[in-house]
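Here is the structure we will look at, set down as structure tokens.
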Amino acid sequence: MLPFVNASPDPENEYLSDGISDELIDALAKIAGLRVASRTSVFALKGKSLDVRAVGALLGHPSCWRARCGKRAIACVSPHS
């Protein structure tokens, strides 16, 4: 899962997208049999304009999730493989 993108026009809300990303990565990593890239690996790619399929290949995962969040909508998540 890639870090959530701050969809709010206010850069002060970046902590919200980072916090949701952290919590979701942590929760998903606890699911037996589910491979989740580490926070360090995915946050190293934060803000980079890369094709999501290339990111999945770079991280060694067949599929990759990306999402956006803001104050009005927590997330619109789309899978890519």
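The values are calculated or read from the model by the stated rules, or taken from the named source; none is laboratory data. Quick caveat: nothing in here was measured; it's all calculated off a predicted structure. We place every Cβ from the backbone using ideal geometry, glycine too, and count neighbours over all the protein chains shown.
I'd like to verify a number: residues in the stretch 36-49 that are closer than 17 Å to Ala67 by Cβ and surrounded by fewer than 11 Cβ atoms within 10 Å (Cβ to Cβ), how many?
3
Filter the stretch 15-29 for residues that are closer than 12 Å to Phe4 by Cβ and small (Gly, Ala, Ser) and give the result.
Ser17, Gly19, Ser21
Hey, among the residues in the stretch 24-35 that are of a type outside the set (A, V, I, L, M, F, W, C) and modelled with pLDDT of 90 or more, which one's surrounded by the fewest Cβ atoms within 10 Å (Cβ to Cβ)?
Lys30
Hey, can you tell me all the residues within the stretch 42-56 that are in a helix (DSSP H, G or I) and either β-branched (Val, Ile, Thr) or modelled with pLDDT of 80 or more (or both)?
Val42, Phe43, Val52, Val55
Out of (1) free of Cβ contacts under 8 Å to residues at least 24 places away in the same chain; (2) closer than 15 Å to Phe4 by Cβ, the odd one out for Ala32 is which?
Against the list (1) free of Cβ contacts under 8 Å to residues at least 24 places away in the same chain; (2) closer than 15 Å to Phe4 by Cβ, Ala32 comes up short only on (2).
Could you figure out which of (1) over 12 Å from the mean Cα position of the chain (by Cα); (2) surrounded by 15 or more Cβ atoms within 10 Å (Cβ to Cβ); (3) at pLDDT below 70 isn't true of Leu59?
Among (1) over 12 Å from the mean Cα position of the chain (by Cα); (2) surrounded by 15 or more Cβ atoms within 10 Å (Cβ to Cβ); (3) at pLDDT below 70, the lone unmet condition for Leu59 is (3).
Do we find that Ser81 is more than 14 Å from the chain's Cα centre (by Cα) and modelled with pLDDT under 75 in this structure?
Spelling it out, Ser81 is indeed more than 14 Å from the chain's Cα centre (by Cα) and modelled with pLDDT under 75.
Restricting to the stretch 8-17, and then to whatever is touching a residue at least 24 places away in the same chain (Cβ under 8 Å) and not small (Gly, Ala, Ser), can you tell me which residue is surrounded by the most Cβ atoms within 10 Å (Cβ to Cβ)?
Among those residues, the one meeting the criterion is Leu16.
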